[in-house]
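Comments concern the structure below.
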Protein chains: 2
Amino acid sequence: MTPEWIAADWGTSNVRFWAIGADGTVLGERTSADGMNSLASSEYDAVLTQSCADWLKKAATVVACGMVGSRQGWVEAPYQTTPCAVCPSRMVTAPTLRSGLTVHVIPGIRQTDPADVMRGEETQIAGFLAQNPGWDGVLCLPGTHTKWAHISANEVISFQTFMTGEMFALLAGQSVLRHSIADSGWDDDAFGDAMSQTLARPEGLAARLFSLRAAQLVHNTDTITLRARLSGLLIGAELAAAKPYWLGRNVALIGADAVSAPYITGLASLGVNAACVDAKEMTLAGIKAAHALLETINQ
Amino acid sequence: MTPEWIAADWGTSNVRFWAIGADGTVLGERTSADGMNSLASSEYDAVLTQSCADWLKKAATVVACGMVGSRQGWVEAPYQTTPCAVCPSRMVTAPTLRSGLTVHVIPGIRQTDPADVMRGEETQIAGFLAQNPGWDGVLCLPGTHTKWAHISANEVISFQTFMTGEMFALLAGQSVLRHSIADSGWDDDAFGDAMSQTLARPEGLAARLFSLRAAQLVHNTDTITLRARLSGLLIGAELAAAKPYWLGRNVALIGADAVSAPYITGLASLGVNAACVDAKEMTLAGIKAAHALLETINQ
């Protein structure tokens, strides 16, 4: 077990490290809750050297993506601006006390008009493109902040962020609807019906949310049904607004199964059959692509 | 100072009591934070008798509206169902240990399809109608959960609730947008522009929210501007969805100045000049109307 280098997906609430061998094999994987939200910029160095002490005896290079490169992160890696190459040539080096170690941070991508930003998803996109060279179309990356990105000729042409995941969490967990929304469970029909409503009339979203609470009070509607209905209303509204992205395009999803499933269902109902790949795998593939680019530049 | 009876506006987070004299004059007013959220149903009686001990030496009747009549309140006052008379003939009596005291609770109103409920607003509507007999049109009651109610021939024909106020609070205070939204301050132009956007294209709301965060990161947009823009996006979407209510109707607002102002601006931009009356005054007027009805029934 002799890692050549270390890959890191350093996000808002946690971090994942991989030890990578000479041929790109993953030799080990670790996660911790030391995400950006719990760290001052001076603390990243210690988290890395403590978490990966054994790996760092051999490895001298780290390539990291995610919020680690934000202004509140370890070192600011200034955004690339769309349209821009998927695989970044301008990584930024983070300050470290460990001699002989170089930490490269992958920059995020921003868009000027309409204003938008991503950090972390660009690496998943790069991973997808590394595995699917020459792919053209639209990538949907569902999550807390779902991203839709138009990809052409290995560039991110444009993208748009939807707060659907965060809205669901706030409405189901913090708003008056929390009394009527189950913590888990699903109802396909309720999801589909609600999604159809906001897909057809997205302007009705604002009017339909309180109805979920009222449905329980007036009709004693099951809270699992209402959970699926809330998800359907929000995803239907997102799909309606994201129509310029998916309409008539080649669409693929990058996401974990649970968050991707309702998007796959929704897109299928619109006649869009989207392939789905795993987000974690794409992140690692993207960091590997960035590392490979680094080797090319250094040669 | 000899109160004849006591009026109570007993809501989710606080309660307001008024001592009412023989001729309807307000002799005193008190508020406390003993709202439904902090009380078990057995505790309301003690709150009332302690808060109003001096008034209760003379007064033998209390008329209360609001969440005090919900299933989680003092006593459940079953909803009236639309279409229904604005002033309720079926009040419910709450259990009290104090002999000689009768506590009447005003029921809320529910609608079967689409499901909706109100508790407290029906009393403000009754107060408005008591002061404006025979008024026909649409009442808008802005707040955490804004209500739009179609009123005709002294009946609530239909109504619709929008979670706009709560959405603003959650997005500005709890979501990723909190980093970019000022706690206070206003920008008329930003509000108007944003409202026009979602009024014209309400389906774009889902796509525009994250843009507020991105505008600060990409363009360093002022957080006060972004606060007004968030309000504009949400109210524009509400006004678009509430169009069947305000279009071609006589519209009046019942609300506090601060929450009513953006609605007045928005409606004015649509050619609707809505009069605005104070919510607290309408609540008291509505409780007085319910008390008067009680006297009529008792005679």
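Starting from the label point of B:Ser99 at 7 Å along Cα→Cβ, the same points in the other copies fall at 9.3 nm, in ascending order. Counting charges near B:Gly108 (Lys, Arg +1; Asp, Glu -1) among other residues having Cβ under 9 Å from its Cβ returns a value of 0. Note on B:Lys57 and B:Asp113: the model spin-label points, each 7 Å out from Cα along the C-beta direction, lie 5.7 nm apart.
An ellipsoid equivalent to region A:68-214, defined through the eigenvalues of its Cα gyration tensor, has semi-axes of 36, 20, 14 Å when rounded to whole angstrom and sorted largest first.
Summary of the geometry: region B:239-256 and region B:175-214, compared by the centres of their Cα atoms, lie 21 Å apart.
Chain A has one residue whose beta-carbon comes closest to the axis relating it to chain B; that residue and its distance in whole Å are A:Leu170, 2. The Kirkwood radius of region B:5-119, taken over pairs of alpha-carbon atoms, gives through the Stokes-Einstein law at 37 °C and 0.692 mPa s a diffusion coefficient of 226 µm² s⁻¹. Mean projected area of the convex hull spanned by the Cα atoms of the protein assembly as shown, taken over all viewing directions: 30.2 nm². As a calculated quantity, the FRET efficiency between A:Met1 and B:Ser32 at R0 = 56 Å, using C-beta atoms, amounts to about 0.25. Restricting the calculation to Cα atoms, region A:120-285 yields a radius of gyration followed by a Dmax of 16.4, 54 Å.
The HN-Hα couplings worked out from phi for region B:236-250 by the Karplus form 6.51 cos²θ - 1.76 cosθ + 1.60 (θ = phi - 60°) are x, 5, 5, 4, 5, 6, 8, 3, x, 7, 8, 5, x, 10, 7 Hz, whole numbers, x standing for Gly and Pro. Peptides A:221-232, B:266-277 ordered by packing proxy, namely the average of other Cβ atoms within 10 Å per residue, highest first: A:221-232, B:266-277. With label points set 7 Å from Cα along Cα→Cβ, the inter-copy distances at A:Leu270 are 2.7 nm, sorted shortest first. Inter-copy label distances at B:Pro244, using a point 7 Å along Cα-to-Cβ, come to 3.0 nm with the shortest given first.
If you count Lys pairs in the protein assembly as shown whose Cα atoms are under 20 Å apart, skipping same-chain pairs closer than 8 places in sequence, the total is 8. Placing pseudo-labels 7 Å out from each Cα toward the beta carbon at B:Lys280 and B:Ser196 gives an inter-label distance of 3.7 nm. Inter-chain Cβ neighbour count for B:168-176, averaged per residue, equals 4 (cutoff 10 Å, partner chain atoms only).
Computed over the alpha carbons of chain A, Rg followed by Dmax gives 20.8, 70 Å.
We did not get these values from a lab; they are worked out from the coordinates using the rules stated. Everything numeric here is computed off the predicted structure, so don't read it as measured data. Positions of Cβ are generated from backbone atoms using ideal geometry, with glycine treated the same way; all protein chains shown enter the neighbour counts.
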